[in-house]
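Remarks on the structure that follows.
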Amino acid sequence: MSWFDERPWLKTGAQHEGYGRPIPDTTMLHLLDEAVRTNSDGPAIRYWGTTITYREFDAYARAFAQVLADGGFGAGDRLGLYMQNVPAFPIAVFAAWKLGGQVVPLNPMYRGELEHIFNDSQPKAIVVSAHAWIDRVAQWAQHIPQIFTVSEDDFITGQLPPAIAPLMQNTDTGQTDFLTAIQTVLNSGNTDSVPTEPPIGPNDPAMIGYTSGTSGRSKGAEILHVGIAHNAQMAKIQNGYGPEHSYFTLAPVFHITGFVTQMLAAVACASTLIMNYRFEPSSVLRMLREEKPHAMAGPATAFLALLAHPELTGTEFDSFTAINSGGAPVPEALVEKFEERTGHYVGQGYGLTETSGQSAAVPQGMRAPVDEKTGTLSAGLPLAAPMYRIIDLDGNEVGPGEVGEICVSGPIIARSYLNNPEATAANIPGGELRTGDVGYMNEDGCCLLYTSDAA
């Protein structure tokens, strides 16, 4: 029995309420059904003056599922998503899942990389912002059977801030308009092609998440419903979030952090998702003042930008109960400065696309230890479900305080890389992810990173 088999992080985490509680194996469709049942008239999404209730959100998703089904989309098919933080994104995600399909979130900055991703994932449909279709996507996607474009001003009823308004382009693309297609189905009342019972189970694939491709072409990680549902339920189980709480989409929802720990977490908690189109410091500060959210997660660069903005007062964060950062190790100096200006501690987290989002995080009420050599905060404690090990170059486990490669296994790990058995065998041998990230674990089970290629 190794030191890691003792899972020292469980003993440390037991000091923090909610940590280590069992998480049920389920799917996001079941969690959405529960949110609709318990909070039907509560807000699912708020977006620049518009509120979409859970009843309305489910109806939109069901209507778009019917649109997809009418075009031949079915179980096992893939839907590409090329958008910013807009309501069409989660609507399209749940529509695909209602048909037993999978989703392929795409970075809206992708251009030539789309040729590889479309050839690899073979999407049967794509939902793309209108101006991006013309400028970036059309040349790579003409072969996709169903193409839907989203106007940038869809669902907006409020007044936009000056920094965001010029970005909202309503462009005629000649393709099927996403919202018009949904409204046509809603007006007809016909969604007979959409299963009334979820056609998927926890061990079915939910999404293909493409990694950043730092070592060659990006790889499509096949992520299961059980993995994303585990991660999405963390805030409900560990923090006690519910319908009275709200998430702000500081991180982009096409990225695994925004996708799971904000967008899906809100559904798992029957909470409100406050969407912001894209990160822009002045508009973010305005939204925080007006919407008063409770939780958000984002990269250190976003926190630096907010701290540097002349309009920051610090009171914008008064409503928050959880603020987290990830994507790269967070310097202690940044956390101290943010806490000094706002009164809030930023908790670090660690995960990759292949871990369905976070695999370690700082529990509520815990102050993470700092690595003396780098001055960065610990990534926190492994979540209750995954198993952590750290190994040397020969594959042998190392002890507390010894540096090596971080390895993670458990229900949150991607099943494989799409069409890439060689990479699967090399990076996920026996279902354990070899992260390629270097770090160590102290005697309390806190994981500290030296470098991170987390996607």
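Here are the numbers for this structure:
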{"read-out": "Backbone N within region 1-39 under 12 Å of label point (7 Å from Glu397 Cα along the Cβ vector)", "value": "1-8"}
{"read-out": "Surrounding net charge for Cys269, when Lys and Arg each add one and Asp and Glu each subtract one, Cβ distance under 12 Å", "value": "-1"}
{"read-out": "Residues whose placed amide H lies under 5 Å from that of Arg78, excluding near-sequence neighbours", "value": "Gln102, Lys124, Ala125"}
{"read-out": "Kirkwood-type radius of region 236-296, with distances r between different C-alpha atoms, in Å", "value": "11.6 Å"}
{"read-out": "Region 149-288 - convex hull of alpha carbons, volume per residue in Å³", "value": "195 Å³"}
{"read-out": "Nearest-0.05 FRET efficiency for Glu6 and Glu422, computed from C-beta distance (R0 41 Å)", "value": "0.75"}
{"read-out": "Positive minus negative residues near Gly80 (Lys, Arg vs Asp, Glu; Cβ under 13 Å)", "value": "-1"}
{"read-out": "Protection-proxy order for peptides 107-114, 329-336, each taking the mean of Cβ atoms within 10 Å per residue, highest first", "value": "329-336, 107-114"}
{"read-out": "Global geometry of region 140-226, whether rounded, prolate or oblate, following the gyration tensor of its Cα atoms and the 1.5 cut on a/c", "value": "oblate"}
{"read-out": "Whole-Hz ³J(HN,Hα) from phi, Karplus 6.51 cos²θ - 1.76 cosθ + 1.60, for region 87-104, glycine and proline x", "value": "x, 4, 4, x, 4, 5, 4, 6, 4, 4, 5, 5, 9, x, x, 10, 10, 10"}
{"read-out": "Amide H contacts under 5 Å for Gly347, placed H, 5+ residues apart", "value": "Ile323, Asn324, Ser325"}
{"read-out": "Values of log10 I(q)/I(0), in the order q = 0.14, 0.16, 0.19, 0.23 Å⁻¹, for region 199-253 under a Debye, Cα-only, solvent-free model", "value": "-0.58, -0.72, -0.89, -1.01"}
{"read-out": "Cut-off under 5 Å, modelled amide H: who pairs with Met207 long-range", "value": "Val103, Ile223"}
{"read-out": "Local electrostatic count, Asn324, Cβ distance below 14 Å [Lys/Arg +1, Asp/Glu -1]", "value": "0"}
{"read-out": "Region 264-284-region 49-71 distance, computed between alpha-carbon centres (Å)", "value": "18 Å"}
{"read-out": "In nm, spacing of pseudo-spin labels at Ser188 and Gln15 (7 Å Cα→C-beta vector)", "value": "6.1 nm"}
{"read-out": "Gyration tensor verdict on region 126-183 (Cα atoms; rounded if a/c is under 1.5, prolate if a/b is larger than b/c, oblate otherwise)", "value": "oblate"}
{"read-out": "Rounded to the nearest 20 debye, dipole of region 74-186 from Cβ charges on Lys, Arg, Asp, Glu", "value": "260 debye"}
{"read-out": "Cα-based equivalent ellipsoid of the chain: semi-axis lengths in Å, sorted from largest, via gyration tensor", "value": "34, 26, 21"}
{"read-out": "Cβ-Cβ FRET estimate between Asp153 and Glu336, R0 fixed at 35 Å, reported to 0.05", "value": "0.30"}
{"read-out": "HN-Hα J in Hz across region 346-362 - Karplus 6.51, -1.76, 1.60, θ = phi - 60°, x for Gly and Pro", "value": "9, x, 7, x, 9, x, 9, 3, 5, 9, 6, x, 5, 10, 9, 7, 8"}
{"read-out": "Sequence ranges 253-259, 319-325, 292-298, 391-397, ranked by mean other-Cβ count within 10 angstrom, highest first", "value": "253-259, 292-298, 319-325, 391-397"}
{"read-out": "Simple spin-label estimate for Thr50 and Ala163 in nanometres, 7 Å along Cα-Cβ", "value": "2.3 nm"}
{"read-out": "Under the Debye formula (equal points on every Cα, no solvent term), log10 I(q)/I(0) of region 50-170 at q = 0.12, 0.15 Å⁻¹", "value": "-0.44, -0.68"}
{"read-out": "For region 244-387, the Rg and Dmax computed from alpha carbons only, in angstrom", "value": "14.3, 44"}
{"read-out": "Over 32 Å between alpha carbons, listed pairs Lys124/Lys292; Lys236/Lys373; Lys98/Lys219; Lys98/Lys236; Lys219/Lys292; Lys292/Lys337", "value": "Lys124/Lys292; Lys236/Lys373; Lys219/Lys292"}
{"read-out": "Overall form of region 332-393 per C-alpha gyration tensor (a/c, 1.5; a/b vs b/c)", "value": "prolate"}
{"read-out": "Per-residue ³J(HN,Hα) for region 56-62, Karplus 6.51 cos²θ - 1.76 cosθ + 1.60, θ = phi - 60°, Hz, x for Gly and Pro", "value": "5, 4, 4, 5, 4, 5, 5"}
{"read-out": "Along principal axes, Cα extents of region 165-205, largest first, whole Å", "value": "42, 29, 20"}
{"read-out": "Degrees, to the nearest 10: 178-188 long Cα axis against longest axis of the chain", "value": "60 degrees"}
{"read-out": "Antiparallel content of DSSP bridges confined to the chain, in %, to 5", "value": "55 percent"}
{"read-out": "Where only C-alpha atoms are counted, convex hull volume of region 1-113 per residue in Å³", "value": "214 Å³"}
{"read-out": "The chain, accessible area per residue, ligands and nucleic acids excluded (1.4 Å, Å²)", "value": "38 Å²"}
{"read-out": "Rounded percent of accessible protein surface that carbon and sulfur make up, the chain, 1.4 Å probe", "value": "47 percent"}
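The values are calculated or read from the model by the stated rules, or taken from the named source; none is laboratory data. Bear in mind that the values here come from a model prediction, so they are computed numbers and not experimental data. FYI the Cβ positions are ideal-geometry reconstructions off the backbone, even for glycines, and counts take in every protein chain you see. Each accessible area value is taken on the protein alone, full model and side chains, heavy atoms only, with ligands, DNA and RNA left out. Shrake-Rupley method; radii C 1.70, N 1.55, O 1.52, S 1.80 Å.
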